[in-house]
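Comments concern the structure below.
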């Protein structure tokens, strides 16, 4: 099942990547919010009828709107055509159109990696606190997604992913 919010998330990750390539200094809170959004969306998809899941989805939509507004304000600096291109993609996603193809979620490889990002998956022996992982993500400009208690997907520029993996190394021995 693909939700319009997932397409919106992919568009915003693509916009974030493009803005960074253009030299815009994006606040680390945006990366953190985008990372948490993907986790919230996946959490919701597990049972779309459960009241806790519905609350999570509503919260995710609010954060998604905040991130969208922030990134689009940066996009305006690059002219009307650039800005309008991203607005058009977002409108299409909100209407249920598929802008980016979803990867097969049954794959044992990382699925749904944001366009233009490198990715890695870390399997830990035992769970670690999310805040420890989030610190590594923020410091290295990475997006993280917890697949379960011991599996973390990492997305970002290739060099940042490599540095992030080195920082994860001590957790393999825990």
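A simple spin-label model places pseudo-atoms 7 Å from Cα toward Cβ; at residue 94 and residue 165 they are separated by 3.9 nm.
Among 98, 80, 58, the residue with the largest mean-square fluctuation in a Gaussian network model of the chain, with springs joining Cα atoms closer than 10 Å, is 80.
In the frame of its principal axes, the stretch 1-99 has Cα extents of 43, 28, 17 Å, reported largest first.
The Cα-based radius of gyration and maximum Cα-Cα distance (Dmax) for the chain are 16.1, 51 Å. May I ask for the distance between the Cα centers of the stretch 116-131 and the stretch 26-71, given as a whole number of Å? Answer, in whole Å: 19.
The C-alpha atoms of the chain define a longest principal axis, and helix 130-139 lies at about 60 degrees to it.
A Gaussian network model of the chain, with springs between Cα atoms under 10 Å, assigns the largest mean-square fluctuation among 42, 61, 85 to 85. Kindly provide the helix-only [θ] at 222 nm of the chain, computed as the sum of -39,500 (n - 2.57) over DSSP H runs of four or more divided by all residues, to the nearest 500 deg cm²/dmol? Roughly -19500 deg cm²/dmol at 222 nm, from the helical runs in the chain.
Three principal axis extents of the stretch 117-174 based on alpha-carbon atoms, in descending order, are 27, 20, 17 Å. The angle between the Cα long axis of helix 158-172 and the longest principal axis of the Cα atoms of the chain comes to about 30 degrees, rounded to the nearest 10. The angle between the Cα long axis of helix 28-46 and the longest principal axis of the Cα atoms of the chain comes to about 80 degrees, rounded to the nearest 10.
Every number in this text was worked out from the coordinates using simple rules, so none of it is lab data. As the structure is a computational prediction, the values presented were derived from the model and not from experiment. As a convention, Cβ positions derive from the backbone with ideal geometry for all residues, glycine included, and neighbour counts pool all protein chains shown.
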